[in-house]
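Report on the structure given below.
What follows draws every value from the coordinates through simple rules; no lab data is involved. These figures come from a predicted structure and were not determined experimentally. Using ideal geometry, Cβ is built from the backbone for each residue, glycine included, and neighbour counts are taken over all protein chains shown.
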Ligand SMILES: [Zn+2]
């Protein structure tokens with residue numbers, strides 16, 4: 001998800017000093033996103049700032065790349081602070097950059113540094129060049145004293161008052177304010193620090209969710225949610241809009257308009273999916289203490305399985321788990337990830353693993369005990385039993401046991417996994 005409407009980052013814990021011991025407050029960060037309506041002159045200036053920051057990002061990125069490509073003894077790893085020191089002489093030379101508030105420039109260099117740190121830790125790829133029309137730039141004012149709420153509007157440095165629709169009240173202490181373009185619309189995202197009493201840990205009730213393509217979720221309580229397939233529904237309209245773009249003359253006004261239409265359609269699909277994922281995960285987090293999901297490498301699956309990729313992405317698997325994780329954390333619940341292997345071929349009743357048990361996409365009938373169920377619901381029940389290994393009767397004593405040793409090894413769940421899962 002590009003911009004989740006509500007997000008939390010690393011909830012820190014600290015003791016409350018004014019109350020008796022043992023009561024803890026949870027310090028979380030929550031982002032509130034509001035639509036802003038800049039005036040034409042403000043919008044033009046924001047556009048110029050975006051260009052200036054894109055230029056700064058690419059320049060700073062190039063500096064890092066040059067320093068990294070040197071031979072080992074002369075190599076230099078730039079930090080955000082190193083690059084910030086060069087900001088003053090640079091702004092003196094480049095008047096278009098000097099127009100952007102200094103804090104906003106500095107924050108961009110911090111973001112670049114964070115992107116490189118993620119790359120060094122092998123979490124993400126190398127930071128990309130920012131290209132006009134492809135990458136949006138966010139303007140973040142990190143210091144709470146430099147911007148403020150003026151009535152229901154936002155007063156941003158150098159821009160003055162931005163007309164804002166405060167459709168919901170802010171909570172906690174506002175910290176940073178980020179202005180970002182989304183196609184032809186502008187949004188301000190305000191991150192607030194909120195101190196909440198830590199929720200009482202909940203371990204009941206337990207539910208397992210199996211994710212699929214045809215059915216987004218099937219849970220161990222027997223509920224199946226079919227995939228809304230927003231992208232599939234919009235495909236025809238998107239294809240038509242994209243054809244219009246390719247017919248229009250390059251560099252023309254009409255081509256720009258056609259492009260905007262494509263972007264709007266994509267935005268609509270994205271928002272439909274976000275809404276769906278948020279409602280679904282909120283319902284589970286509200287009604288259950290522990291939610292069990294299978295551990296899937298979504299990014300890897302998308303890469304390996306081009307044919308399925310569209311379905312996987314359209315179903316919003318990755319987003320669903322991320323939403324569940326933080327929503328459960330807020331309500332005192334836990335997300336448990338269990339190994340996914342053979343969950344669709346295992347019988348939830350007797351634990352026998354056999355590929356013949358799964359008769360079709362939706363039908364499961366065990367070859368050993370005759371237990372019949374919807375295939376997705378059966379898989380969800382298997383996942384639930386995996387969260388508590390001791391409760392499972394005989395999984396692993398499989399009919400396929402006579403097959404090669406390699407296949408047998410695959411069926412075994414690593415020891416560490418079972419000791420990690422909480423006692424239910
Ligand atoms: Zn069975």
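The criterion of at least 1 residues that are under 21 Å from the mean Cα position of the chain (by Cα) and within 30 Å of residue 78 (Cα to Cα) is met by the following strands (runs of 3 or more DSSP E) wholly inside region 108-215: 138-141, 173-182, 185-197. Taking the criterion of being surrounded by 12 or more Cβ atoms within 10 Å (Cβ to Cβ) and more than 15 Å from residue 49 (Cα to Cα), the residues of region 91-123 that qualify are 110, 111, 112, 113, 114, 115, 116, 117, 118, 119.
Scanning region 348-361 for residues that are free of Cβ contacts under 8 Å to residues at least 60 places away in the same chain and part of a loop (DSSP other than H, G, I, E, B) gives 348, 349, 350, 351, 352, 354, 359, 360. In region 346-373, of all residues being more than 11 Å from the ligand (Cβ to nearest atom) and in contact with a strand residue (DSSP E or B) (Cβ under 7 Å, 6 or more places away or on another chain), the one that is farthest from residue 29 (Cα to Cα) corresponds to 359.
Go through the residues of region 381-391 one by one and say whether even a single one is within 14 Å of the ligand (Cβ to nearest atom), over 17 Å from residue 293 (Cα atoms), assigned to a helix (DSSP H, G or I) and free of Cβ contacts under 8 Å to residues at least 60 places away in the same chain. Working first, answer last.
Going through region 381-391, the residues within 14 Å of the ligand (Cβ to nearest atom) turn out to be 381-382, 385.
Filter once more, so that each one left must be over 17 Å from residue 293 (Cα atoms): none.
Within region 381-391 (the criterion being within 14 Å of the ligand (Cβ to nearest atom), over 17 Å from residue 293 (Cα atoms), assigned to a helix (DSSP H, G or I) and free of Cβ contacts under 8 Å to residues at least 60 places away in the same chain), the answer is no, since none of the residues qualifies.
Residues that are buried (at least 16 other Cβ atoms within 10 Å of the Cβ) and not in a strand (DSSP E or B) within region 24-41 comprise just one, 38.
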